[in-house]
Amino acid sequence: MMLRALLTTVAVAVFLSGCGSQPSSSDANADNEPVPAAQSNSPTQNEPSTPPKTQTEIQPADDKEEQEQDVSFESVILFELTDEDLSKPETEIPYYTFGNIGFVTQEEIQGFSNGSYPWRGDSVQAASILTQNLIPEGMSADQVEYKAVPVENQSQADETTVVDMIVPSLGTFTIHLQHPNKAVFSYITKMVWQPESSKALQQLEGSVTLLDLDESWFDKLTSKIPAFGKGNIRYFEQEAVDSFNQGHSVPWGDPRVQAMLAISELVPYDYLQDEAISQQLSDRKEILTTSNGIVFTPQYESFQDRPVVVQVEVPDFGVYTVTLNSGTDSSIAIVQKVEFEAGK
């Protein structure tokens, strides 16, 4: 019965309980008993609300003889800081830079005050420099266009800057930047990607790196590593790590499940409640295929290997290559790198 429960729902619930909040005593002793879907879908207090995705729309082809249809996609969330993140001191706020997640140091703040890297304080310049990783391989930066977007709510105009990064054949990244708590640096607080249609994506050459954590993160304890999931950065509580090491929350160690959870906001289809995945996990299938055709293929011999790679093929959209690694004190699979290649 446990295996035939909706394991993806269980994984969502335990992921959120372990990252950013202490697991309850019932969690620690449940040995992965299923969590009702209604409970697992409730957002945590500091988790930003996300509107539900809708099914992609099929646009009729201009040429009736042409068999291939052009598919349009809903926007997806690449990265978003929570209110809790933004309330922290400047040196503790996750800082997105070239796909890596880091933290500003006091030395860098002092250097900025002395005139070093002035672009870090200018939101428009910061948007164009910190996101160079979103330019596909082989594409010149001169081909990418940046446009400042007016903020409608004038009371927030001084707090938030919005910049559209338009990448030919890939789409538009809408980048939100702030100086939280009057920080001297401009922080990327949210990035939303509106992909081009399927035919445009097929014209794109080269891969794009969306996330790329430095390897040094994985020389640390699990609780010290920024865990990317559903667009947010979370941290596993040490108590949750200890519980995992005692045999609880087993899905945390499965790279396929962790990849499935981590990139769910990057895929323009809903699949986390898909019972087909539950059945395949129950049947111990290695390759998992959702009802809407998304294929999760492990590219490793053992799910305990580290680092490991899971390839995710999304129909009409492209392929994600997700690399996962673990800290020094557990085998919890944490996303290290996410690459996207369109039109495959």
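The values are calculated or read from the model by the stated rules, or taken from the named source; none is laboratory data. These numbers were taken from a predicted model, which means no experiment stands behind them. Using ideal geometry, Cβ is built from the backbone for each residue, glycine included, and neighbour counts are taken over all protein chains shown. SASA here: full protein model, heavy atoms, side chains in, ligands and nucleic acids out. Shrake-Rupley method; radii C 1.70, N 1.55, O 1.52, S 1.80 Å.
Annotation: amide H of Gly171 within the under-5 Å range of Glu196, sequence separation 5 or more or interchain, hydrogens built in the peptide plane.
The phi-based Karplus calculation (6.51 cos²θ - 1.76 cosθ + 1.60; θ = phi - 60°) puts the 3J(HN,Hα) values of the stretch 288-301 at 9, 10, 7, 5, 9, x, 6, 10, 9, 10, x, 10, 7, 7 Hz, whole numbers, x for Gly and Pro. Spin-label pair Asp329-Ser291: with each label point 7 Å from Cα along the Cα-Cβ axis, the two points sit 4.1 nm from one another. Of the listed residues Ile109, Ile263, the order by accessible area with a 1.4 Å probe, largest first, is Ile109, Ile263.
The Rg/Rh ratio of the stretch 82-174, with both radii computed over alpha carbons and Rh defined as the Kirkwood radius, is 0.99. What translational diffusion coefficient, to the nearest whole µm²/s, does the stretch 189-344 have by Stokes-Einstein, given a Kirkwood radius computed over alpha-carbon pairs, a temperature of 25 °C and 0.890 mPa s viscosity? For these conditions, the coefficient is 151 µm²/s.
Amide H contacts of Ile263 (H built 1.01 Å from N, in plane; Pro and chain starts excluded): Lys230 sit under 5 Å, all sequence-distant by 5 or more or on other chains. Within the stretch 185-235, the proportion of C-alpha pairs whose separation exceeds 18 Å stands at 54%. Using only Cα coordinates, the Kirkwood hydrodynamic radius of the stretch 303-344 works out to 11.1 Å. For a straight C-alpha distance cut-off of 30 angstrom, the lysines reachable from Lys337 (same-chain residues fewer than eight places away being disregarded) are Lys53, Lys88, Lys147, Lys190, Lys199, Lys220, Lys224, Lys230, Lys285. Entry for the stretch 245-307 at q = 0.28 Å⁻¹: log10 I(q)/I(0) = -1.43, Debye formula applied to identical alpha-carbon scatterers, no solvent contribution. Working note: Karplus 6.51/-1.76/1.60 with θ = phi - 60° gives the stretch 218-225 the couplings 8, 8, 10, 5, 3, 5, 9, 9 Hz, where Gly and Pro are set to x.
Karplus-derived 3J(HN,Hα) values for the stretch 204-217, using 6.51 cos²θ - 1.76 cosθ + 1.60 with θ = phi - 60°, are 7, 10, x, 8, 10, 9, 8, 9, 8, 6, 4, 4, 4, 4 Hz; glycine and proline are entered as x.
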